[in-house]
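Have a look at the structure below, then the notes.
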Amino acid sequence: MPSSSWKGYISFGLISIPIRLYAAARAFHVAFHEIHKKCGARVHHQLYCPYDKEVVSRDEIAMGYEIEKDKYILVEPEELKKLEPRSSTVMEIIQFVKSSEVDPVYFDISYFAIPEQAGERGYALLLQAMTDMDYAAIATLTVHQREHAVIIRTFQKGLILHTLYYPNEIHEAKGYGKTATGSLKKQEVDLAEQFAKVLVKPFRPEQFHDKYTERVEQLIESRSKGKPGPKPEKATRLAPVIDLMSALKKSLAETGKRPAKPKRLRKIA
């Protein structure tokens with residue numbers, strides 16, 4: 001089992017639940033190393049000081065905050081350790097919310113919260129209460145030299161925690177949210193919704209996989225056997241659609257579903 005990322009307590013009123021946090025998900029990718037083409041050896045990166053014009057070892061490295069160009073305030077790790085707040089060891093639940101109130105754009109890193117033996121009953125109590133109420137908890141947590149707001153929610157008979165981005169960390173994109181929908185025709189919207197319903201099905205994450213990584217692995221395996229790699233997929237050139245109605249009707253036709261004829265309204269005498 002991998003080592004825990006954090007060890008401490010969930011504080012729920014006067015109830016303290018000892019837990020450990022474990023990373024709930026890790027991105028996977030095929031790892032490559034930088035190789036010197038000339039000899040085939042792996043290249044190593046070194047720390048270099050341009051002032052002294054020499055390679056620097058790790059034990060000579062300090063942390064510095066730049067206050068102006070090329071001028072730094074040096075800070076020792078021990079000094080930072082002394083500044084850690086209470087949330088470095090205790091996650092105090094501040095409030096409960098509906099999970100739907102916290103938009104996924106705020107979600108950052110996910111952790112499984114697993115109770116220590118002494119905290120199993122308290123953990124079970126909190127889990128049951130949150131399950132019955134269908135609520136999530138908001139707390140604070142300091143990990144990796146940073147205090148985070150976190151959301152704790154039920155997941156597969158346990159508690160999972162997500163660190164949250166702060167509002168000032170959610171970036172703006174020019175033009176986002178300014179798309180006008182008033183020019184759309186009702187028939188276009190109806191057809192778009194009808195086509196969307198054709199694609200509605202339960203979410204099954206096991207159906208999705210990284211095709212690019214699979215093809216990279218095929219390339220590596222082929223190279224190891226002295227064979228050519230997989231052929232590139234044929235690129236599809238797309239262009240903005242002008243006639244939305246025609247495109248929607250064609251999309252429905254390709255799925256084997258024909259758009260339903262609009263119901264005729266009875267005339268009221």
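Where a number appears in this text, it was derived from the coordinates with a stated rule and is not lab data. This structure is a prediction, so every number in the text was calculated from the model and none was measured. As a convention, Cβ positions derive from the backbone with ideal geometry for all residues, glycine included, and neighbour counts pool all protein chains shown.
Below is a table of values for the structure above.
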quantity	calculated
The range 170-211: GluC sites (Glu not before Pro) in DSSP coil with no more than 14 other Cβ atoms inside 10 Å	GLU172
Alpha carbon convex hull of the chain, volume per residue in cubic angstrom	324 Å³
Candidates per trypsin sites (Lys or Arg not before Pro) in the range 77-133, loop by DSSP, up to 12 other Cβ within 10 Å	LYS98
Modelled label reach - ASP210, point 7 Å along Cα→Cβ, the range 34-60 residues with backbone N closer than 20 Å	34-35
Kirkwood estimate for the range 1-69, i.e. one over the average of 1/r between Cα atoms, Å	18.2 Å
Full-extension gain in nm, GLU188 to LYS81, via 0.36 nm per residue minus C-alpha separation	32.6 nm
Förster radius 30 Å - calculated FRET efficiency between LYS227 and PHE203 (Cβ-Cβ, nearest 0.05)	0.20
GluC sites (Glu not before Pro) restricted to DSSP loop in the range 82-133 with at most 16 other C-beta within 10 Å	GLU116
VAL30 versus LYS234: modelled label distance in nm, points set 7 Å from Cα along the beta carbon direction	2.4 nm
Choice from VAL105, VAL90, VAL75 with maximal GNM fluctuation in the chain (Cα, 10 Å cutoff)	VAL75
Cβ-derived FRET efficiency at R0 45 Å, VAL105 paired with ALA253, nearest 0.05	0.80
Per-pair calculated FRET efficiency, R0 = 51 Å: HIS45 and MET133 via Cβ, rounded to 0.05	0.50
Contour excess over end-to-end distance, with Cα ends at ASP52 and TYR22 and 0.36 nm allotted per residue	6.6 nm
Positive-pole candidate from VAL200, VAL241, HIS144, dipole of the range 118-269, charges at beta carbon	VAL241
